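Working notes, structure below.
The values are calculated or read from the model by the stated rules, or taken from the named source; none is laboratory data. Keep in mind that this is a model prediction, so the values were computed, not measured. Cβ: placed from backbone, ideal geometry, glycine included. Neighbour counts: every protein chain shown. These accessible areas exclude ligands, DNA and RNA; they are computed on the full protein's heavy atoms, side chains included. Shrake-Rupley method; radii C 1.70, N 1.55, O 1.52, S 1.80 Å.
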Amino acid sequence: MPNPVVVIIGGGPAGLFAGYLLATLRVPYVILEAGNRVGYSFHNMPSAFHLGPWLNNYLPGAMVAVSHILRRPRCREYGVYLERYANTYKLKVATNRPVHSLEKIEEDGQKLYRVHTPDEIFSAPVVINATGFYRYPEYPDYPGLDTTEVRTVHAHDYLEPEDLAQSLGRHARILILGKRVTAGELLIDLARHDFGLALSHRGKLVFGPSPF
């Protein structure tokens, strides 16, 4: 593959849209996706998890039906949408290309970035970091976490309620830490089973229906 002008790291919505814009400007680029398919992170989220409404998540150039604009897509459904987007616009995506390192170099008087993957090395004057937060979850260092006998599971490693039921028991007590979208999705998904659920957050919890 010839060296592009722009290397985009990440094959999610941000990376794909950057590729779409560069393609319309006829700027050579390549999108490096660490997973084996476009939108890899979304394909591997829990099957019951949703995103916000399509209104906030569709990509320019791929509008959704008006009847769907306020509907919340499942994360895996959104992954399929991203694949179709990449195929529709024939975006240049190289899958199975996790970036191991990035270095600045000077070659023939030109300042470049050298991007290392397991199979290839790319050199380009511009690099766009479009990696998503889901690939790099934060693991808080709570005091006593290394000595407690209570099993801890990060939302990043959660897939289905049945997995927890088999490992913890069907009537296990589960404490969810957090109050944002992921915590809410976990509560909804786990409530379909016989777990004892509780939610904890350092601030004040506010409940109420959407104004819409």
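Taken over segment 97-144, the criterion of being open to solvent by 70 Å² or more (accessible area, probe 1.4 Å) and either without any contact (Cβ under 8 Å) to a residue 12 or more places away in the chain or among the aromatic types (F, W, Y) (or both) is satisfied by K104, E106, D108, Y113, I121, F133, Y136, E138, Y139, D141, Y142, P143.
Do the conditions hold for E77, that is, is it free of Cβ contacts under 8 Å to residues at least 60 places away in the same chain and either surrounded by 10 or more Cβ atoms within 10 Å (Cβ to Cβ) or among the aromatic types (F, W, Y) (or both)? Walk me through how you get there before you give the answer.
On the way: free of Cβ contacts under 8 Å to residues at least 60 places away in the same chain: yes; either surrounded by 10 or more Cβ atoms within 10 Å (Cβ to Cβ) or among the aromatic types (F, W, Y) (or both): yes.
Criteria met by E77.
Table: residues versus (1) among the β-branched types (V, I, T); (2) closer than 22 Å to N36 by Cα.
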residue: R97; (1), (2): no, yes
residue: Y113; (1), (2): no, no
residue: A124; (1), (2): no, no
residue: D141; (1), (2): no, no
residue: T152; (1), (2): yes, no
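In summary, W54 fulfils each of the numbered conditions (1) surrounded by fewer than 18 Cβ atoms within 10 Å (Cβ to Cβ); (2) in contact with a His (Cβ under 7 Å, 6 or more places away or on another chain) with the single exception of condition (1).
On the basis of being outside any helix (DSSP H, G or I), of a type outside the set (F, W, Y), loosely packed, with under 11 Cβ neighbours inside 10 Å and modelled with pLDDT under 90, does R170 make the cut? Here the answer is no, as R170 does not meet what is asked.
Listed by first and then second residue, the pairs linking a residue in segment 169-186 that is closer than 16 Å to K204 by Cβ to a residue that is open to solvent by less than 30 Å² (accessible area, probe 1.4 Å) and among the hydrophobic types (A, V, I, L, M, F, W, C), with Cβ atoms under 7 Å apart and 6 or more places separating them unless they lie on different chains, are A183/I176. Just one of the listed residues (L175, L186) is outside any loop (DSSP other than H, G, I, E, B) and more than 30 Å from I9 (Cα to Cα), namely L175.
Filter segment 187-196 down to the residues that are within 16 Å of E162 (Cβ to Cβ) and open to solvent by 50 Å² or more (accessible area, probe 1.4 Å) and list them by number. First the steps, then the outcome.
Going residue by residue through segment 187-196, those that are within 16 Å of E162 (Cβ to Cβ) are 188-195.
The answer is I188, A191, R192, H193, D194.
How many residues does segment 132-183 contain that are at positive phi and within 22 Å of the chain's Cα centre (by Cα)? Total meeting the criteria: 1.
Of all the numbered requirements in (1) under 20 Å from H156 (Cβ atoms); (2) buried (at least 16 other Cβ atoms within 10 Å of the Cβ), E83 misses one, and that requirement is (1).
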